[in-house]
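*Asks:* This structure is in structure tokens; I'll ask about it shortly.
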Amino acid sequence: MSHLTDLPTWAAIPVCVLLLLGSAITLIGSMGLIRLKTFYGRLHAPTLGASAGTILICIASMITFAVLQNRWILHEILIIVFVILTTPVTLMLLGQSALYRDRIEGRNDVPRKTTGEPPDTSGMDI
Amino acid sequence: MRYWFPYPLLSLALLILWLLINQSLSPGQIVLGTMLGIAFAWAMVNLQPDKTRLKNYGRIAVLAWHVTVDVVRSNIAVMGVILRAGKRPVNSGFVAIDISLRDENALALLACILTATPGTAWLEFDRQTGVLLIHVLDVENGPAWSELIRSRYEAPLKEIFE
């Protein structure tokens with residue numbers, strides 16, 4: 001913590017604003033996990049933290065360490081890029097498995113597959 | 001030339017990645033990064049990805065700007081939905097969209113865009129029928145949503161990739 005006191009005020013204010021904003025957005029996204037009632041609705045909530053939350057907190061980190069060490073710090077751009085590139089993989093996996101399960105269970109609120117074979121349920125223990 | 005540098009853009013991206021990780025622009029790191037970039041591009045040849053050529057670089061900038069604006073807007077919209085979820089039931093639903101995009105890399109990019117935008121989640125793409133199923137958190141009118149995605153994202157992606 002000691003070196004953070006070296007941060008000049010003109011840099012500390014935007015860093016604080018960005019950090020608070022980023023963590024507030026991530027918090028709201030996590031609250032969404034409780035407040036939204038369906039599985040598919042809950043898929044949306046964490047993307048708040050993955051997009052805006054990550055970007056704002058990473059920018060705050062870039063400013064802090066760029067000012068403290070007096071040079072450009074660009075590591076965080078990699079964090080942003082990789083988080084944005086990899087979240088779809090998990091989300092699509094979760095979404096597809098939920099869709100698959102709901103179709104096999106025959107829920108009515110899930111759209112049918114338009115064409116093709118219905119999923120093979122024989123020999124499946126569900 | 002193509003034989004030695006099968007994926008010039010990938011090699012360049014890897015070089016930039018290497019320099020960013022090492023936080024230096026020293027000649028030694030540039031040489032090392034270039035060598036790694038070329039070596040990994042050769043490894044990529046064995047994976048045999050679909051070759052696509054990027055066209056229309058101006059469109060890429062416009063698309064990137066649209067995506068940035070949409071991400072900010074939908075972040076605010078989704079925050080509103082979550083905070084008001086207690087009082088007002090969430091009106092979410094599925095939207096099926098006919099898209100004519102077939103290029104794998106373009107589809108992957110579309111998936112990244114739709115997922116990075118809170119409020120829309122990519123669920124399923126049927127390669128045979130070309131129907132993309134997404135889930136929208138705050139769906140007001142389904143046809144307008146599919147029209148929006150088709151004109152705002154699919155059309156530029158088609159111009160860039162195909």
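The values are calculated or read from the model by the stated rules, or taken from the named source; none is laboratory data. As the structure is a prediction and not an experimental result, all values here were calculated from the model. Glycine gets a Cβ as well: all are built from the backbone with ideal geometry, and neighbour counts include every protein chain shown. Side chains are part of the model used for accessible areas, which takes the heavy atoms of the whole protein and leaves out ligands, DNA and RNA. Shrake-Rupley method; radii C 1.70, N 1.55, O 1.52, S 1.80 Å.
*Asks:* Using packing as a proxy for protection, rank A:44-50, B:72-78 so that the peptide with the highest average count of other Cβ atoms within 10 Å comes first.
*Replies:* A:44-50, B:72-78
*Asks:* Turning to a different aspect of this structure: Provide a whole-number value for the mean count of partner chain Cβ atoms within 10 Å of the Cβ atoms in peptide B:123-134.
*Replies:* The shielding value for this peptide is 4.
*Asks:* Continuing with the same structure: If we sort A:31-37, B:60-66 on the protection proxy, mean other Cβ atoms within 10 Å, highest first, what's the order?
*Replies:* Listed from highest to lowest mean packing, they are A:31-37, B:60-66.
*Asks:* Can you give me the angle between helix B:27-47 and the longest principal axis of chain B, using Cα atoms only, in degrees from 0 to 90, rounded to the nearest 10?
*Replies:* So the helix axis and the longest Cα principal axis differ by about 70 degrees.
*Asks:* Next up: Step through the residues of segment A:56-71 one at a time and calculate ³J(HN,Hα) from phi using the Karplus curve (6.51 cos²θ - 1.76 cosθ + 1.60, θ = phi - 60°), rounding each to whole Hz and writing x for Gly and Pro.
*Replies:* With the stated coefficients, segment A:56-71 comes to 5, 5, 5, 5, 4, 5, 4, 5, 3, 6, 5, 6, 5, 9, 6, 8 Hz.
*Asks:* Moving to a separate point now. Give me the percent of the accessible area of segment A:11-114 that comes from carbon and sulfur atoms, probe 1.4 Å, all protein chains in place.
*Replies:* About 74 percent, which is the carbon plus sulfur part of the accessible surface.
*Asks:* Using alpha carbons only, how many degrees (0 to 90, rounded to 10) separate the axis of helix B:104-116 from the longest principal axis of chain B?
*Replies:* 50
*Asks:* Taking all protein chains as present, what is the carbon and sulfur share of the accessible area of segment B:1-158, in % to the nearest whole number, probe 1.4 Å?
*Replies:* 67
*Asks:* When a/c reaches 1.5 or more, the comparison of a/b and b/c decides; with that in mind, is the protein assembly as shown rounded, prolate or oblate per its Cα gyration tensor?
*Replies:* oblate
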